[in-house]
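**Student:** Structure provided below as structure tokens; questions to follow.
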Amino acid sequence: MISKKIKKNLSRSSWIRSMFEEGEKLRQKYGAKNVFDFTLGNPDPEPPLLVKESLKNIVLEDVTGIHKYMSNAGFDDVRKAIAEKIMQDSNLPILKDHIVMTCGAAGGLNIILKAILDPSDEVMVVAPYFVEYLFYIDNHGGIPVIVNADPKSFQLDISEFEEKITKDTKAIILNTPNNPTGVVYSEEILTKLNSLIERKEKEFNSKIFIISDEPYSQLVYDNIKLPNLLSIFDNCILANSFSKSLALPGERIGYVAVSPNITDSKLLVDALIFCNRTLGFVNAPALFQKVISKSLDSSVNIKEYREKRDVLYDHLCSAGFDCIKPQGAFYLFPRSPIQDDIEFINNATNYNLLFVPGTGFGFPGYFRVSYCTDLDTIIRSKDAIMSLGRDYKLL
């Protein structure tokens with residue numbers, strides 16, 4: 001009835017959704033207020049006021065033609081505004097012609113991979129990783145090559161890249177701040193990776209693209225400076241969305257930016273535009289292209305996320321869990337007290353605690369905790385987390 005490939009992929013599909021559905025059962029049994037669901041990365045705050053005002057004004061202005069087809073790359077004025085913003089941050093001569101508006105970062109990643117991959121090209125993915133990367137690569141005939149992060153810091157392990165880059169390596173997907181660890185890759189380690197890539201490109205007479213997946217780029221804490229990957233890697237293609245920064249995941253609005261340092265960057269942009277159309281996206285949602293163009297300097301309240309991180313991090317540490325304090329995004333990634341992280345998260349449901357196993361991110365022995373929930377729920381979860389820690393004799 002369905003393809004063998006999809007049938008196989010269904011069996012490997014998201015642990016995040018599986019645990020959320022488990023939470024639905026617990027909520028029905030114990031009541032929503034008594035269940036502590038830390039599974040979904042679904043932004044908790046409402047969009048900023050400027051976003052809502054922009055949407056209202058655009059609709060009430062009743063401008064004709066706003067709902068019609070436009071270039072598959074998106075509205076020129078929106079692309080220009082985004083290019084100017086990126087140019088400020090990167091000091092690169094980014095123009096509107098380097099920008100393609102997309103259906104979120106996921107749509108962006110798919111058109112990038114479709115545009116650059118030939119069958120059996122390899123795409124390196126850093127574990128722990130967002131599991132959909134593997135399916136996106138598979139969508140377009142590529143082969144994922146998993147590179148483990150350093151488990152002591154979750155920074156990139158350059159020796160792993162050295163070992164696994166081959167003549168078939170076409171791209172590396174980097175996600176910083178990272179889902180699921182919340183770690184920001186340091187400029188020092190990214191510069192080392194760039195040096196390695198340049199050496200490998202000469203060795204294999206190849207070009208290796210850096211695909212920078214940046215939906216969490218605005219969610220950075222503690223005065224950490226997020227390195228600009230467009231400034232570090234010449235062959236960089238950036239995929240971004242406003243799902244997290246403006247709390248708009250349901251609107252599916254994002255963009256791809258192509259570095260002007262890429263040889264034949266115009267040809268690459270033309271390929272992205274073609275793939276935007278032929279993969280069926282056609283163009284990014286027209287109305288929200290206009291909304292975000294007026295909201296580029298806006299953001300959700302970062303202080304609220306930081307407070308949630310601090311409270312939940314303190315809960316976990318007080319209960320004896322080993323956890324690196326994240327510098328961005330809205331996740332923590334503690335070590336499981338037992339190697340079998342699936343058994344552990346199943347046991348956690350006995351305390352009405354819902355987590356996602358590290359296995360779902362290609363990194364067994366850990367678990368992800370999302371703080372996309374209200375602060376009151378996080379505060380009230382302490383007793384349950386402490387009880388879970390005592391159960392495993394961590395205290």
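**Student:** State all residues of the range 248-282 that are small (Gly, Ala, Ser) and crowded, with 21+ Cβ neighbours inside 10 Å; if no residue qualifies, say none.
**Tutor:** Gly254, Ala257, Ser259
**Student:** So which helices (runs of 4 or more DSSP H) are wholly in the range 320-395 and hold at least 2 residues that are at positive phi and surrounded by fewer than 18 Cβ atoms within 10 Å (Cβ to Cβ)?
**Tutor:** So the answer is none; nothing clears 2.
**Student:** Sort out which residues of the range 1-25 are of a type in the set (A, V, I, L, M) and either modelled with pLDDT under 80 or under 28 Å from the mean Cα position of the chain (by Cα) (or both), and write them in order of number.
**Tutor:** Ile6, Leu10, Ile16, Met19
**Student:** Follow-up. Can you say whether Ile137 is touching a residue at least 60 places away in the same chain (Cβ under 8 Å), over 18 Å from Ile189 (Cβ atoms) and surrounded by 23 or more Cβ atoms within 10 Å (Cβ to Cβ), as far as the supplied structure shows?
**Tutor:** Answer is no for this residue.
**Student:** Are any residues in the range 146-189 surrounded by fewer than 18 Cβ atoms within 10 Å (Cβ to Cβ) and assigned to a strand (DSSP E or B), and if so, which ones?
**Tutor:** Once the filter is applied, which keeps residues that are surrounded by fewer than 18 Cβ atoms within 10 Å (Cβ to Cβ) and assigned to a strand (DSSP E or B), the range 146-189 yields Ile146, Asn148.
**Student:** Yes or no: the range 292-309 includes at least one residue that is among the aromatic types (Phe, Trp, Tyr), in contact (Cβ under 8 Å) with a residue 12 or more places away in the chain and within 30 Å of Ser71 (Cβ to Cβ).
**Tutor:** no
**Student:** Of all residues in the range 201-228, count the ones that are in contact with a Ser or Thr (Cβ under 6 Å, 6 or more places away or on another chain) and either buried (at least 24 other Cβ atoms within 10 Å of the Cβ) or β-branched (Val, Ile, Thr) (or both).
**Tutor:** Result for the range 201-228: 2.
**Student:** Please enumerate the residues belonging to the range 142-155 that are touching a Leu at 6+ places or on another chain (Cβ under 6 Å) and in contact (Cβ under 8 Å) with a residue 24 or more places away in the chain.
**Tutor:** Hit for the range 142-155 is Gly142, nothing else.
The values are calculated or read from the model by the stated rules, or taken from the named source; none is laboratory data. Quantities reported herein were computed from a predicted structural model and do not represent experimental measurements. Note that we place each Cβ from the backbone using ideal geometry, even for glycine, and neighbour counts take in every protein chain shown.
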